[in-house]
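To keep things clear, I will list the structure first and then write my remarks on it.
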Amino acid sequence: MNPEFRQALYETHLLIEEHAKDREIEDNPLPESIARKEAPRIPDVPEHEVVRHYLRLSQMNYGVDTGFYPLGSCTMKYNPKYSEALCRERDALDLHPYQPEDTVQGTLRIMYELQEMLAEIGGMDSVSLQPAAGAQGEFTGLAIVHGYYKNNNEERDEVVLPDTSHGTNPASAAMLGYKTIEIPSKEGCVDLKALREAVGENTAAFMLTNPNTLGLFEEDVLEIADIVHGSGALLYYDGANLNAIMGKTDPGKMNFDIMHFNLHKTFSTPHGGGGPGSGPVGVVEDLKSYLPVPLVKKEGDKFILDYSLENSIGRVKGFYGNWMVLLRAYAYILERGREGLTQVSERAVLNSNYLRKKLEGTLELPYKPLRKHEFVLSGQKLKKEGLRTMDLAKRLLDYGYHAPTIYFPLIVDEALMVEPTETERKETLDEFAAIIEKIMNENPETVKNAPHNTAVGRVDETRAAKKPIASYKMREGDEK
Amino acid sequence: MEETKEMLDHLGIAGVEELFKDIPDKIRSELKLEEGLTEMEVMNRVKDILKENRSLSEFSNFMGGGIYRHYVPTAVNEVVSRSEFYSSYTPYQPEISQGMLQALFEYQSLICELTGMEAANTSMYDYPTALAEAILMSDRINRRKKHRFLVPENIHWEIEPVLKNYLRGTDIILEWVKYDKTTGQIDKEDLKRKAGDDMLGFFVSSPNVFGVLEEDTKFYSDIKDETGSVMVAGCDPLSLTLLQPPSEWGADIVVGDSQPFGIPPSFGGPTVGIFACKGRYIRRMPGRMIGETVDKDDERAYCMLLQTREQHIRRDRATSNICTNQSLMALASAVHMFVKGGKGLEKIAKKNYDNAHRLASLIEDIDGYSSPSFDSEFFNEFLIGNQKMIDLKEFKERCKNNDILPGIPLGSWTESKFKELPPSLLIAVTEMNDAEDMEVLVNTLQEVKE
């Protein structure tokens, strides 16, 4: 066992367990008929105990600031601290969405400039900052597709996507009522023949991320675009993997019509334990009038919220997007600049290929070697010892690493999807590769029973699903 | 750089450009952005731009309409600034992520205590998207031939366009129920007329967009029972420390926004969409949910619950496409609730109620105003009306000169928001408003009148 990593473990009672027994609300000003009688069971705990509780919980959690977090598809890069400091400024956080435009000119300027910067990076003509996350960006993009065909009186009810696509792609398409058609890949990339057969007069859109989830660049992308456009469908770019190509190519150049950005991935806003993120959507000129409203527009030297888009799909959420996330991304793009963002992609791809090369002798690497920002290994080899990729992932935790994404994409057996990002140094990658090799030679029992050094041992997720306890209340019901 | 050189050597290539040789020349592009800045330059530049804003602290502020300015205890910021929390992501590896998992489980538990529901998820994006997902969920719970869902007209004006997008690809039809022009509550006759056992469900919000509380809650549980449909209730979580929880009047799903707890106004985002439901519908839920279980040594542990509902497993048959949510904001809300405690929150809620009612009666005393304009109980937000057509431009000018954000104009002096009402203002009052604030607003309203 590695003595270098040992996660904290504290007694894990819930604060809510300290609630008083059935407290009646006194002097409730509301009318008897709608007044609450019993107070909600929220305990009254001294503040320092609350702070201790959460400080302890934080020490039982692993973030990028704790260590290497090569979670494929999620771009877990180090997030600069200046962005956090800016978000604590009163002139950033103490703003109401409906205060007069002339009192929020700073915010509107930043949003306007961010719209412009993202349009430039994506090679798009216009960008909306409203979507709250990548999946909502996809949803927005497909709602635009939906609105566009409705306007043109075309009935197209299918969305085609490769079998390597992110789960959110088919899920977003389904939410908009589209039938999804998955086409099998060839050598890990889009099979042009299968694509030609799949698209037609019913196809509304083809969704693609490039590089794809295997980290392979779809070299035939222009031909893909021709096939898709030839069928009258639109081409959608899932921006989850944009970290690989900045300054090298862009979705506009690749002839995509619509795309979303993941600001919490590419533009280094923290992932927040699951969110908030931000998923701006960019479109080509022909689709601009369909974007959600409002956009930020510049009129003279003033910035205004513009609701005047002719075919706008309306709104996908309240207000104008996750402003505090937008602010962080804006600061990051300013700091990196033209050269810096290009270097981000260069280093992300260098790190990925370096680590890929270090590991391809240890684990199997299906498909061709040259990858972009991430790569997918197969843990098939582990089966000989009665192990699975899951076991390797859990054992990695023992050595103080977050595990890569596992069992995705689905076309790789026992997949291990590794995305090192540009913010890691060579030494970290070397150590990580050495540890994987070490684990492969460990006693299989040790690996099978991992993790040993984390706050808790392997968690029984099946049991959780059998008798779900989603709140303190449900646990109590169980005990009764 | 030495390091880069070693890495390139290991790959047997001369330069990093070789790693991009699979990108065809035809699609090559370069960025046209400015040169990068140093951290110091970024800080100076962005702070200078932010100075063009005027923060709420510079005003007598009465803005609400879905975003409220409450006091955020300092400890909340300390906790959410722990980068073990904020620099982590969705807890796919539960063993190393117990801290966030437990914290989110506690958030879910608090939401359940407030709403009376048994299950909650870790967040939706916000109130409108939570309601949209609730309507989609009612269709999963209650598959019916006719997919009517009844929504009252007294909901926030930004909700309708969101619902339209979320229902775009479904066969669910929204049917609008009128509100009572005297009480601001749902027009019960109209609801009764439109309700039937052929509908999926219906939505009731208390408070609604006018801040009005529904006073005859039993009526709604009766409608629900008679029609066997799904009732979705909208809430303000702070008001629930004093208000009967929606579970007591029949709600199956409760939605709202937890922004009043621990989240600054932030120009409208990020906030945290509340989504809670009865335990028996847990498998129909959208989004991430945390559950309690044990580890291999039978010690208590937490993990993501029922992931097979979700997009990364079920793809096009998932209950929702949501992946990244608003978890950190959920954490902020939970910390706020625990720091203030049950009694503390109740005290804040009472202060909100008292302040709002004091201001309402001060305005009522001004000739020409009806305050509140609806004959109903309210919590911390209310509508005032003036039968005469006041000049909106002049009013805004006066507010500007006096540094007042007087609330949100609704009614016939706006282009699209509840035009059927006389010139009205939606005024929110919280524990942050003092007597001086109120005096400034009252004086200004008096001046406009003259």
For the stretch B:74-335, treating each Cα as an identical point scatterer without solvent, what Debye log10 I(q)/I(0) comes out at q = 0.07 1/Å?
-0.24
Can you show me the helix-derived [θ] at 222 nm for chain B, built from DSSP H runs with n ≥ 4 at -39,500 (n - 2.57) apiece and divided by the number of residues, rounded to the nearest 500.
-11000 deg cm²/dmol
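Can you give the Rg to Rh ratio of chain B, both from alpha-carbon atoms, with Rh computed by the Kirkwood formula?
Details: Rg = 25.2 Å, Rh = 24.4 Å.
Using only Cα positions, Rg/Rh for chain B is 1.03.
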³J(HN,Hα) across the stretch B:124-141 via Karplus (A = 6.51, B = -1.76, C = 1.60, θ = phi - 60°), whole Hz, x for Gly/Pro?
10, 5, 6, 4, x, 6, 5, 5, 4, 5, 5, 5, 4, 5, 4, 6, 6, 6
Count neighbours as other Cβ atoms within 10 Å of each site's Cβ, and list the trypsin sites (Lys or Arg not before Pro) in the stretch A:185-218 that are DSSP loop with at most 15 such neighbours.
none
Quick one: grab the alpha carbon gyration tensor of the stretch B:1-55, order the square roots of its eigenvalues as a ≥ b ≥ c, and give me rounded if a/c is under 1.5, else prolate or oblate depending on whether a/b is larger than b/c.
oblate
Karplus-derived 3J(HN,Hα) from phi for the stretch A:155-162 (6.51 cos²θ - 1.76 cosθ + 1.60, θ = phi - 60°), whole Hz, x at Gly and Pro, runs 9, 10, 10, 10, 10, 9, 8, x
For chain B, with a Gaussian network of springs between Cα atoms less than 10 Å apart, report the residue from B:394, B:34, B:158 with the top mean-square fluctuation.
B:34
Return the long-range amide H neighbours of residue B:302 (sequence gap of 5 or more, or a different chain), with a cut-off of under 5 Å between placed amide H atoms.
B:293
Can you list residues from other chains, or at least 5 along the same chain, whose modelled amide H is less than 5 Å from the amide H of residue A:71?
A:76, A:419
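For chain A, what is the calculated [θ] at 222 nm in deg cm²/dmol (nearest 500), taking -39500 (n - 2.57) for each run of four or more DSSP H residues and dividing by its residue count? Could you put the intermediate results ahead of the total?
On the way: 14 runs with 166 residues, N = 480.
The per-residue figure over chain A is -10500 deg cm²/dmol.
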Of B:368, A:405, A:242, which is farthest along the charge dipole of the protein assembly as shown in the positive direction, counting Lys and Arg as +1 and Asp and Glu as -1 at C-beta?
A:405
So how compact is the stretch A:280-419: Cα radius of gyration and Dmax in angstrom?
22.1, 69
Bin width 10 Å, origin at 0, all Cα-Cα pairs of the protein assembly as shown: what percent of pairs per bin?
2, 12, 22, 26, 21, 11, 4, 1, 0
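Cα gyration tensor of the stretch A:208-251, axes a ≥ b ≥ c as square roots of the eigenvalues: rounded (a/c below 1.5), prolate (a/b > b/c) or oblate? All intermediate terms of the calculation are to be shown ahead of the outcome.
Values: a/c = 2.00, a/b = 1.97, b/c = 1.02.
The shape class here is prolate.
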Spelling out what I want: for every residue of the stretch A:386-392, take phi, set θ = phi - 60°, compute 6.51 cos²θ - 1.76 cosθ + 1.60 (Karplus), and round to whole Hz; glycine and proline get x.
x, 10, 10, 4, 3, 5, 4
Near the amide H of residue B:254, under 5 Å away, which other amide H atoms are found, from residues 5 or more places off or on another chain, if H is placed in the peptide plane?
B:233, B:276, B:277
So what's the projected area for the stretch B:121-229, the Cα convex hull averaged over all directions, in nm²?
6.9 nm²
The ratio Rg/Rh over the Cα atoms of the stretch A:11-112, Rh being the Kirkwood inverse mean 1/r radius, stands at 1.13
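What does the charge add up to near residue A:111, with Lys and Arg as +1, Asp and Glu as -1, over the other residues with Cβ less than 12 Å from its Cβ?
Numbers: positive: A:109, A:297, A:298; negative: A:101, A:113, A:116, A:306.
Charge balance near residue A:111 sits at -1.
Can you tell me what percent of all Cα-Cα pairs in the stretch B:395-450 are more than 16 Å apart?
Numbers: 729 of 1540 pairs.
Considering the stretch B:395-450, 47 percent of its Cα-Cα pairs are separated by more than 16 Å.
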If you put +1 on each Lys and Arg Cβ and -1 on each Asp and Glu Cβ, how big is the dipole of the stretch B:226-340 around its Cα centre, in Debye rounded to 20?
360 debye
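Averaged over its residues, how many other protein chain Cβ atoms are within 10 Å of peptide B:13-23's Cβ atoms?
Numbers: counts 2, 0, 2, 7, 2, 2, 13, 11, 3, 9, 13.
Going residue by residue through B:13-23 and averaging, the value is 6.
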Using only Cα atoms, figure out Rg for the stretch B:26-175 and give it as a multiple of 2.2 N^0.38 Å.
1.49
If you count only protein heavy atoms and use a 1.4 Å probe, how large is the accessible surface of residue A:87, to the nearest 10 Å²?
10 Å²
Considering only DSSP beta bridges where both residues belong to the protein assembly as shown, give the percentage that are antiparallel (nearest 5).
60 percent
Trypsin sites (Lys or Arg not before Pro) within the stretch B:368-448, DSSP loop, no more than 12 other Cβ atoms inside 10 Å
B:388, B:419
Which of A:259, A:188, A:307 sits farthest toward the positive end of the charge dipole of the stretch A:82-336, with +1 on the Cβ of Lys and Arg and -1 on the Cβ of Asp and Glu?
A:307
Quick one: Debye curve from the alpha-carbon atoms of the stretch A:82-336 only, equal weights, vacuum; give me log10 I(q)/I(0) at q = 0.09 Å⁻¹ to two decimals.
-0.38
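Can you pull the percent of the protein assembly as shown's accessible area that's carbon plus sulfur, 1.4 Å probe, other chains left in place? It would help to have the intermediate numbers written out before the result.
Working: 14410 of 31760 Å².
It is 45 percent, rounded to a whole number.
Please tell me the relative contact order of chain B in percent, rounded to the nearest whole number, where contacts are Cα pairs under 8 Å and at least six residues apart.
Values: 810 pairs, mean separation 92.6, N = 450.
Taking the mean separation of contacting Cα pairs over the length of chain B, I get 21 percent.
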Could you give log10 I(q)/I(0) at q = 0.07, 0.12, 0.14 Å⁻¹ for chain A, computed by the Debye formula over C-alpha point scatterers of equal weight, without solvent?
-0.44, -1.17, -1.38
Select from A:471, A:289, B:165 the residue farthest towards the positive end of the dipole of the protein assembly as shown; place +1 on Cβ of Lys and Arg, -1 on Cβ of Asp and Glu, and compute about the Cα centre.
A:471
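Ranking request for peptides A:140-147, A:428-435, B:327-334, B:305-312: highest mean number of other beta-carbon atoms within 10 Å first, then the rest in descending order.
On the way: A:140-147: 26.4, A:428-435: 17.6, B:327-334: 29.6, B:305-312: 21.0.
Highest to lowest by the protection proxy: B:327-334, A:140-147, B:305-312, A:428-435.
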Which value results when the Cα radius of gyration for the stretch B:165-257 is divided by 2.2 N^0.38 Å?
1.07
For peptide A:175-188, what's the mean number of Cβ atoms from other chains within 10 Å of each residue's Cβ?
3
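Run through every distinct alpha carbon pair of the stretch A:341-463 and return the Kirkwood hydrodynamic radius in angstroms, one decimal place. Mind showing how you got there, number by number?
On the way: mean 1/r = 0.0670 Å⁻¹.
In the stretch A:341-463 this quantity evaluates to 14.9 Å.
Roll a 1.4 Å probe over the protein chains and send me the accessible area per residue for chain B in Å².
Accessible surface, normalised per residue, equals 35 Å².
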Any chance you could list P(r) for the stretch B:327-397, counting all Cα-Cα pairs in 5 angstrom bins from zero, rounded to whole %?
3, 13, 16, 15, 14, 11, 10, 9, 7, 1
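Considering every residue in A:136-147, what mean count of other chain Cβ atoms within 10 Å of its Cβ is obtained?
Numbers: counts 6, 0, 2, 8, 1, 0, 4, 5, 1, 0, 3, 2.
Neighbouring Cβ atoms belonging to other protein chains average 3 per residue here.
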Take the cross-link list B:164/B:278; A:317/B:181; A:150/A:288; A:248/B:21; A:21/A:473 and give me the ones stretching past 18 Å between alpha-carbons.
B:164/B:278; A:317/B:181
About its Cα centre, what dipole magnitude does chain A give when the only charges are +1 on Lys and Arg Cβ and -1 on Asp and Glu Cβ, stated in debye to the nearest 20?
1000 debye
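The values are calculated or read from the model by the stated rules, or taken from the named source; none is laboratory data. Bear in mind that the values here come from a model prediction, so they are computed numbers and not experimental data. For neighbour counting, all protein chains shown are included, and Cβ atoms are generated from backbone atoms with ideal geometry for every residue, glycine included. To get the accessible areas, we keep the full protein, side chains included, count just its heavy atoms, and leave off ligands, DNA and RNA. Shrake-Rupley method; radii C 1.70, N 1.55, O 1.52, S 1.80 Å.
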